[in-house]
Structures are given as C-alpha cells and as structure tokens.
1. Taking the condition of being open to solvent by 30 Å² or more (accessible area, probe 1.4 Å) and among the small types (G, A, S), how many residues in the stretch 95-105 meet it?
2. Within the stretch 25-34, is there a residue that is more than 11 Å from the chain's Cα centre (by Cα) and under 16 Å from Q119 (Cβ atoms)?
3. Look at G16 and say whether it is of a type outside the set (A, V, I, L, M, F, W, C), over 13 Å from the mean Cα position of the chain (by Cα) and closer than 12 Å to D90 by Cβ.
4. Considering only residues that are in a loop (DSSP other than H, G, I, E, B), in contact with a strand residue (DSSP E or B) (Cβ under 6 Å, 6 or more places away or on another chain) and surrounded by fewer than 18 Cβ atoms within 10 Å (Cβ to Cβ), which ones fall in the stretch 106-116?
5. Need a quick list: strands (runs of 3 or more DSSP E) entirely within the stretch 15-94 having at least 2 residues that are free of Cβ contacts under 8 Å to residues at least 40 places away in the same chain and open to solvent by 30 Å² or more (accessible area, probe 1.4 Å).
6. Residue check: is S99 more than 16 Å from G8 (Cα to Cα), modelled with pLDDT of 95 or more and within 15 Å of the chain's Cα centre (by Cα)?
7. For the stretch 2-13, how many residues meet the condition of being open to solvent by 50 Å² or more (accessible area, probe 1.4 Å) and touching a Lys or Arg at 6+ places or on another chain (Cβ under 8 Å)?
8. I need the full set of residues from the stretch 50-82 which are of a type in the set (G, A, S) and on the phi < 0 side of the Ramachandran plot, in order please.
Amino acid sequence: QVQLHESGGGLVQAGGSLRLSCAASGRDLSTYFMGWFRQAPGKEREFVATISYNGGDTYYPDSVRGRFAVSRDNVKNTVYLQMNSLKPEDTAVYYCTVSRVLADVRSPASYDYWGQGTQVTVSS
C-alpha cells in the first residue's frame, strides 16, 4: 500500500513563495507519474502539476504555468512543488498523487493514490 505525506503548506502573502514536499512510502515510485492537485472550498479538485517517472516531462495548466515548478527525487521517493508569485486564488488544500498508467493528466480519476493534503493560504 502506497502512503503519501505532504508537508510545507502554510500562510503566505500574495507574491510570496512556498515549497511543498510529498514523501512516499510503501513502494518504489520511480516508474510512476507523480503530481499535485488542489481543492478550494466549494470547488472541484483541480489539476496543478504532474511529472513523468524520470522527470523528463512536466505538465501544468495555464493557471500556474510559469509560476509553479514540479520536480522529483527518485532516490528519496519524493515529489516537490515550488510555488512562486502566489496569488489569493491559489488558496486551497494541495494534494499529492501518483499514477502508474496516466490516461488523462488533468483527471483525478487517472491517479491511483492520494495524500491527506496540506493547506496553502495566500493573503492579499
């Protein structure tokens, strides 16, 4: 059973930065896609970023492209999300997730395991 544990969330002012980390245990995830989604109150879970198993490919929606960067360390079984130029609309619970066979990078249904989430709050 894969377990994912996010950390690094918190309160930051608009324009600031945060770095989220997600440590995985229970399985070697070096052949999995790893990614991040977020969910704000009253909204659906939204795709934020995904990285391929070897880090060669990354995927972002337009809303975060150029501000967020996903990376991974397969030795540590960890994925990171560097978030810069944060905006109040980035406020949400951020979830780490993994997928063995990624059918649709933007669909939560394509992912196999999820963390419990970490809160990110951006004040204006």
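The values are calculated or read from the model by the stated rules, or taken from the named source; none is laboratory data. What you see is a predicted model; the values in this text were computed from it and never measured. Ideal geometry is used to build each Cβ from the backbone, glycine not excepted, and the neighbour counts take in all protein chains shown. What goes into the accessible areas is simple: the full protein's heavy atoms, side chains included, and nothing from ligands, DNA or RNA. Shrake-Rupley method; radii C 1.70, N 1.55, O 1.52, S 1.80 Å.
1. Of the residues in the stretch 95-105, 1 are open to solvent by 30 Å² or more (accessible area, probe 1.4 Å) and among the small types (G, A, S).
2. no
3. The answer is yes for G16.
4. The answer is R106, D112.
5. Counting at least 2 such residues, we get 68-73.
6. Yes: the conditions hold for S99.
7. Matching residues across the stretch 2-13 total 0.
8. S52, G56, S63, A69, S71
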